[in-house]
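Here's the structure we're looking at; comments come further down.
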Amino acid sequence: MSSSEKLLSSIPKALYFDDEDRFFILDQTKLPTDEVIEEQKSVEQVYDSIYQLKVRGAPAIGIAGAYGLVISLKNSLDLDLEDFLQLVYKNAEYLNSSRPTAVNLSWALNKLSKIASEYPKDGTTKELYKILRDEAVAIHNGDIKTCRQIGEFGSELIKEGNGVLTLCNAGALATGGIGTALAPMYVAWSKGKRFKAYSSETRPLLQGARITCWELNKFGVDTTMIADSVSSYLMKLGRVDMIVVGADRVANNGDTANKIGTSSLAINAKFYGVPLYIACPYSTIDTNSKSGADIVVEERGKEELIYIKGQQIAPKDIKVFNPAFDVTDSSLIAGFITEKGIIRPPYNFSKS
Ligand code: MRU
C-alpha cells in the first residue's frame with residue numbers, strides 16, 4: 001500500500017455494518033470531545049439518530065436509512081412474505097420522514113422498497129431479507145468508491161499554496177467514505193500538495209467547528225477555523241482561492257440545497273471572483289426537482305439557537321427562524337465535482 005493510500009485509509013468512519021448484521025454509528029453530537037460508538041438496535045433509534053444528527057450528512061443518512069431498514073427487519077423473518085413486505089414499506093416510510101431535505105435518504109429507501117416490491121410472490125422472507133441486506137451493503141460500498149472518485153477529480157482543482165474554504169461538514173463523517181467536499185483536500189494532501197484549509201464554524205450546530213476541524217486536524221491538513229461572519233473578509237484579504245461545499249439536494253437546473261449559509265457564501269464569492277464548487281455524488285441530484293423552488297427546506301427547533309451546549313444565550317420566549325439549509329442559485333456555482341468528473345454550466349442533469 002502506498003503512503004498516500006495508507007493515510008487515506010486512516011480517515012474515521014461515520015458508520016459500519018458487521019458480519020452479524022449489526023449496525024453501528026459514531027455519535028457525532030459528542031464530537032470533538034468524545035468518540036462514542038453506538039449500536040443501532042431499532043427503527044425508532046435509527047430515526048432518532050438521524051433526526052438528532054448523531055448521524056448526518058446527505059450520503060451518510062442515505063446509508064443509515066438503508067441499514068436502519070435492514071436491522072428493523074432482521075427479527076421478523078418468521079413473517080409470511082406479504083406481512084414482511086408491509087413491514088418493509090412501513091419502516092421505509094417512517095425512516096424517510098426523519099429529515100426531508102437530503103434526497104439520498106429517500107433515494108436509498110426507495111431503492112430497497114422497489115427491490116422488495118419486485119421480489120417474486122412465491123419467494124421466501126429470508127431470501128428477500130438477504131437481498132435487501134446485500135443491497136444496503138452495496139449502497140455503502142458504492143459511496144466509498146464514489147467519494148474517492150470525487151476526491152481524485154476535485155484534487156486537480158487545488159493548487160499548491162491555495163486557500164480552500166468549506167462550510168459545515170461534507171467530510172468522511174457525512175458519507176460512507178472519505179467525504180465529498182473534503183475528499184479533494186484529503187487526496188491532494190495525501191499526495192503531498194500543501195494548501196490552507198479554512199473551516200467555517202457553521203452555526204447553529206457547529207458542524208464546521210466540531211466535525212470538519214476535528215477530521216482535517218486529525219489528518220494533518222493545515223486548518224484554520226473561522227466564525228461564519230468572517231468568510232467575506234477572508235475573501236477580501238485574498239486568502240481564499242476556492243470554496244468547496246457539499247449538497248443535500250441538487251435540482252435539475254443546478255440550484256443546490258446545502259447547509260444554511262451556503263447561499264451567502266456563494267453570493268460573496270461571486271463578488272470577490274472566488275469559484276464555489278459543489279462536491280456531490282449523482283445520488284444527491286434530484287432530476288424530479290426542476291429548480292430550487294421544488295426543494296423542501298427543513299426547519300428545526302428554536303432550542304438550537306437559544307441554547308449552546310445547554311447554556312441559554314437568548315430569551316427563552318424569543319421567536320426563532322431556524323432553517324437547516326438554504327438553496328444556492330445555480331448561476332453562482334462554478335462546477336459540480338462528481339464521481340463522473342467536473343460538470344460545468346449550463347446545468348441540465350437529466351441530460352448528463
Ligand atoms: O444538517 P447536516 O449536518 O446533516 O447538514 C449537512 C450538510 O449540509 C452537508 O453539506 C451535506 O449533507 C453534504 S454531506 C456530504
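FYI, it's all coordinate maths here, none of it is from the lab. All values derive from a computational prediction rather than experimental measurement. Neighbour counts run over all protein chains shown; Cβ positions are idealised from the backbone, glycine included.
If you count Lys pairs in the stretch 55-210 whose Cα atoms are under 24 Å apart, skipping same-chain pairs closer than 8 places in sequence, the total is 26. Computed from point charges on the beta carbon alone (+1 for Lys and Arg, -1 for Asp and Glu), the dipole magnitude for the stretch 215-349 about its Cα centre is near 240 Debye. Contact order for the chain, expressed relative to its length and based on alpha carbon pairs under 8 Å spaced 6+ residues apart, stands at 16 percent. Seen against the Cα atoms of the chain and their longest principal axis, helix 262-272 is set at about 30 degrees.
Please give the charge dipole size of the chain, origin at the Cα centre, charges +1 on K and R Cβ atoms and -1 on D and E Cβ atoms. Round to the nearest 20 debye.
The dipole magnitude comes to about 1280 debye.
Quick one: LEU53, LEU167, LEU237, LEU8, fewest Cβ neighbours within 10 Å first, how do they rank?
Starting with the residue having the fewest Cβ neighbours, the order is LEU237, LEU53, LEU8, LEU167.
In the chain, the longest principal axis of the Cα atoms and the axis of helix 125-155 are about 10 degrees apart. Per-residue Cβ neighbour counts within 10 Å put THR29, THR223 in the sequence THR29, THR223, beginning with the fewest. When the chain is described by a simple charge dipole with +1 on each Lys and Arg Cβ and -1 on each Asp and Glu Cβ, the residue from SER10, LEU237, SER352 located farthest towards its positive end is LEU237. The DSSP beta bridges internal to the chain are antiparallel in roughly 50% of cases. Report, as a whole number in µm² per second, the diffusion coefficient that Stokes-Einstein gives for the chain at 37 °C and 0.692 mPa s using the Kirkwood radius over alpha carbon pairs. Translational D for this selection: 159 µm²/s.
Compared with the dominant Cα axis of the chain, that is its longest principal axis, helix 81-96 is turned about 20°.
Could you list ASP78, ASP294, ASP255 so that the one with the fewest beta carbons within 10 Å of its beta carbon is first and the one with the most is last?
ASP78, ASP294, ASP255
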